[in-house]
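Just below is one structure, and these are the notes that go with it.
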Amino acid sequence: MPDELWSANEYKNIWLPYCQMKTAPMPIKVAATEREFLILEDGRRVIDGIASWWTSCHGYNHPHIVAAVTKQLQRMPHVMMGGLCHDQALKLTSRLAKILPGTLDRIFLADSGSVAVEVALKIAAQYWINQGQPNRKRFICFHNAYHGDTTGAMSVCDPVDSMHAHFKGFLLEQFPASIPKSPSEFEAFETFIESKRDIVAGVIIEPMSQMWGMQFQTADQLRKIYEISKRQNMLLIADEIATGFYRTGKMFAVNHADIVPDIMCLGKALTGGFLTLSAAAATAEVYRAFHSDNASHALMHGPTFMGNPLACAAANASLDLFESNPPDDSISERFASAAKNFRGKANVSFERPNEVVDVRSLGALLAIEFAETLPSRETRDFFLERGIWLRPIDNVLYVCPSLNMPLVSLEKILTAISDFLR
Ligand SMILES: *Cc1c(COP(=O)(O)O)cnc(C)c1O
C-alpha cells in the first residue's frame, strides 16, 4: 500500500536516502522547527530525539545564529575561494585552530562531511607522496565505521554495511580491522598494521563513538590505537564529524584520550546544524609536507561551495554560543543514570520478543542495543504517538538530542523509551 501512495502524489519525483521506496513508510512532513521541536505539517509538535542527525546542537532556529546568517546573507551569500577569500572563513579557521588540540591549525574548509573525509584521505596519501613514498595510499579502518557516502569515504566504512562485496571493483580496497580491546587484540592489531606499513598512509577512526551502531571505545582503547599508529609511523585521522562539539561530553572526543591526531574532520554540528560545512584540519607537521617551492606538492582540491560565507557565519555564531554557554553535564548525567535503569529490561512487545543486549551512554548519546533489528515503522509510530521523533539504526535505538534540550523534553523521551522497553 505505501507504493501507490508514494507514486500517486508529490513524492513521485524525489529520491530519498537509505530507503527502499517501494516498501518504506511515507516520510513525515515537517513544516517548521523551533528549539527541540519539529512542527509537523498537521500541526503536531514533536520532540526531536535525533537533532537531525546530530547537527542541531543548540536546538533549531537559535536566534543568535539566525541573526548572524541573516546579516551575512544581506552582505554576501557566497564567493568562490579560488583566488578569493573572506572574513567569515578567516575568522572561523583561526577560532577552530585555537580550540583544536595540539598544532591542528591548518584548516581546509569543505562543504560536507564526506568531502572532509575525502580531503583527509587525500592529505594523508599526498603527505607520503610529497616525501617520496608514493606507495602509501591505503588505509587501516574499522569494522562498524561510518565515514560518509562518497566513494573514498565508503571504502573506509564497515565492509558489510557499506556493501564492499556489492561494489567490488568500484571501491578502493582498504584494510578493515576490529577495534582492539584486550592486550592480545592490541598485539594482533599492531602486527597487522605493521605488515601493511609500506602501503598504508594512515589509520582512520571515529574517536570514542562509531555512530552507525553507536559502538563506544574507552579513552584507553583510543589512546592505545593512537600510540600504535604513531609507533608504526602512520598518520591518525580522527573523524569527529559526529563526535565533535561536545556530543561525547567534551569539546572533541579525542580530548577524552588527550591525544592529537594528525588530521581531524569536522562537520555536522559545526554550523550549529544550520548549513552544510565541514573542515579537515591538519597539524603543522602534516602541513609542512605540502608547504614547498614545488607546485606539485600543493593540495589539489576545491569544492565549489567550500567555506560558504553563510555557513561560516553560522559556524562562528555557533562557536559564540559554545563560548558564552558551554554545555554542562546535565544530559550526560541523566543519560548515565537512565542507561543504568534500562539495562536488563527486556522484551519489546511487537510480533516477537526482542532482547535488550546492551544499554550504553557517552555524553549526550544514549544507545539501546537489541538482539535483532527493530521494526522501523512500528518503532517510529510508537514514539510519534507519544510526541517524539526517534528512529532506530537497525538494532540500535538511540537518542542524540540538542545539547541544550530542556530536562522536561528529555524526560518525555526517557519515559517513552521506558514504555517501549516494557
Ligand atoms: C555524517 C558523517 C559523515 C558524513 O557527513 P556528510 O555531511 O553526511 O557527508 C562522516 N563521518 C561521520 C562520523 C558522520 O557521522
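The values are calculated or read from the model by the stated rules, or taken from the named source; none is laboratory data. Remember, predicted model here, so these are calculated numbers, not experimental data. Neighbour counts are summed over all protein chains in view; Cβ atoms, including those assigned to glycine, are modelled from backbone coordinates with ideal geometry. Please note that ligands, DNA and RNA were not included when accessible areas were found on the heavy atoms of the full protein model with its side chains. Shrake-Rupley method; radii C 1.70, N 1.55, O 1.52, S 1.80 Å.
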Hits in the stretch 372-422 (condition: open to solvent by 60 Å² or more (accessible area, probe 1.4 Å) and touching a strand residue (DSSP E or B) at 6+ places or on another chain (Cβ under 7 Å)): LYS412
When residues of the stretch 235-247 are limited to those that are touching a Leu at 6+ places or on another chain (Cβ under 8 Å) and open to solvent by 10 Å² or more (accessible area, probe 1.4 Å), the one farthest from the ligand (Cβ to nearest atom): TYR246
Strands (runs of 3 or more DSSP E) wholly inside the stretch 23-140 containing at least 1 residues that are within 16 Å of the ligand (Cβ to nearest atom): 104-110
Pick from the stretch 141-152, criterion touching a residue at least 40 places away in the same chain (Cβ under 8 Å) and more than 7 Å from the ligand (Cβ to nearest atom), ranking: nearest to the chain's Cα centre (by Cα): ALA145
Members of the stretch 252-295 found to be away from the ligand (no atom under 16 Å from the Cβ), more than 19 Å from GLN210 (Cβ to Cβ) and not charged (D, E, K, R), listed by number: VAL260, ALA282, THR283, ALA284, VAL286, TYR287, ALA289, PHE290, HIS291, SER292, ASN294, ALA295
Subset of the stretch 199-243 (residues that are of a type in the set (Asp, Glu) and more than 25 Å from ALA51 (Cα to Cα)): ASP220, GLU227
Selection status of LEU310, away from the ligand (no atom under 15 Å from the Cβ), touching a Lys or Arg at 6+ places or on another chain (Cβ under 6 Å) and not in a loop (DSSP other than H, G, I, E, B): no
Residue check, GLY302 surrounded by fewer than 24 Cβ atoms within 10 Å (Cβ to Cβ) and in contact with a strand residue (DSSP E or B) (Cβ under 8 Å, 6 or more places away or on another chain): no
Matching entry among VAL46, VAL69 (being at pLDDT 95 or above, surrounded by 13 or more Cβ atoms within 10 Å (Cβ to Cβ) and closer than 18 Å to LEU277 by Cα): VAL69
Residue ID - farthest from the ligand (Cβ to nearest atom), chosen from residues in the stretch 208-234 that are over 19 Å from PHE175 (Cβ atoms) and part of a loop (DSSP other than H, G, I, E, B): THR218
Residues within the stretch 213-234 that are of a type in the set (S, T, N, Q) and over 21 Å from the mean Cα position of the chain (by Cα), tallied: 3
Looking only at the stretch 251-272, and only at residues there that are open to solvent by 30 Å² or more (accessible area, probe 1.4 Å) and part of a loop (DSSP other than H, G, I, E, B), the one that is nearest to CYS312 (Cα to Cα): MET251
